[in-house]
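Only the coordinates and a few stated rules stand behind these numbers; no lab work does. What you are looking at is a predicted structure, and each value in this text was computed from that prediction instead of being measured. Please note: Cβ atoms are built from the backbone with ideal geometry, for glycine as well, and neighbour counts cover all protein chains shown.
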Amino acid sequence: MTAATTDAATEAAELFKALAHPTRVAILEVLRHGEECVCHMEAVLGKRQAYISQQLMILRAAGIVLDRRDGLNMFYRVVRPEVFAVLDAARGLASEPGSGTIPLRPADCPCPNCHPATR
Ligand SMILES: [Zn+2]
């Protein structure tokens with residue numbers, strides 16, 4: 001194997017490693033429609049903020065998402081939309097159909113995207 005193939009293989013493996021977690025897959029599904037803040041992911045996924053931030057760090061280190069601070073809120077967006085093709089392909093391979101769609105705008109979410117009037 002040449003060095004170039006090894007690098008490409010390593011890069012692909014690192015990407016799969018970053019995606020290989022149910023919460024990180026769920027986070028990316030939330031971000032599929034655009035930038036969202038951590039508090040939104042907290043409301044939609046029902047996980048603690050510290051836990052979500054930890055998963056976001058891994059996605060950021062892999063170069064899949066970027067963060068942006070706006071006041072007290074941290075927003076994240078996907079900068080490598082190619083990952084959605086990978087996720088869609090993985091869902092096609094899964095024996096179980098997906099667990100349904102994640103609500104785009106849950107009524108109880110306090111984030112500025114869900115409640116623009118409260119800003
Ligand atoms: Zn929200």
Derived scalar couplings ³J(HN,Hα) [the range 18-26; Karplus, 6.51 cos²θ - 1.76 cosθ + 1.60; whole Hz; x for Gly, Pro]: 5, 8, 7, 7, x, 5, 5, 5, 5
Kirkwood Rh and Cα Rg combined as Rg over Rh, evaluated for the range 1-68: 1.08
Residue 36 long-range amide H proximity, modeled H, under 5 Å: 76
Whole-percent pair-distance distribution, where bins are 10 Å wide, for the alpha carbons of the chain: 12, 43, 31, 11, 3, 0
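Summing -39500 (n - 2.57) over the DSSP H runs of n ≥ 4 in the chain and dividing by its residue number, what mean residue ellipticity at 222 nm do you reach, to the nearest 500 deg cm²/dmol?
On the way: 5 runs with 60 residues, N = 119.
Taken over the chain, the calculation gives -15500 deg cm²/dmol.
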Segments 62-69, 86-93, 46-53 sorted - mean Cβ within 10 Å per residue, highest first: 62-69, 46-53, 86-93
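Could you work out the relative contact order of the range 32-93, using alpha carbon pairs under 8 angstrom and six or more residues apart, expressed as a whole percent? Kindly include the intermediate steps, with their values, before the conclusion.
Values: 55 pairs, mean separation 21.5, N = 62.
In percent, rounded to a whole number, it is 35.
So how strong a dipole does the chain carry about its Cα centre when Lys and Arg Cβ are +1 and Asp and Glu Cβ are -1, to the nearest 20 debye?
Values: 13 positive and 13 negative charges, 61 e Å.
Charge dipole, the chain, about its Cα centre: 300 debye, nearest 20.
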Cβ crowding within 10 Å averaged over residues, with 10-16, 34-40 ranked highest first: 34-40, 10-16
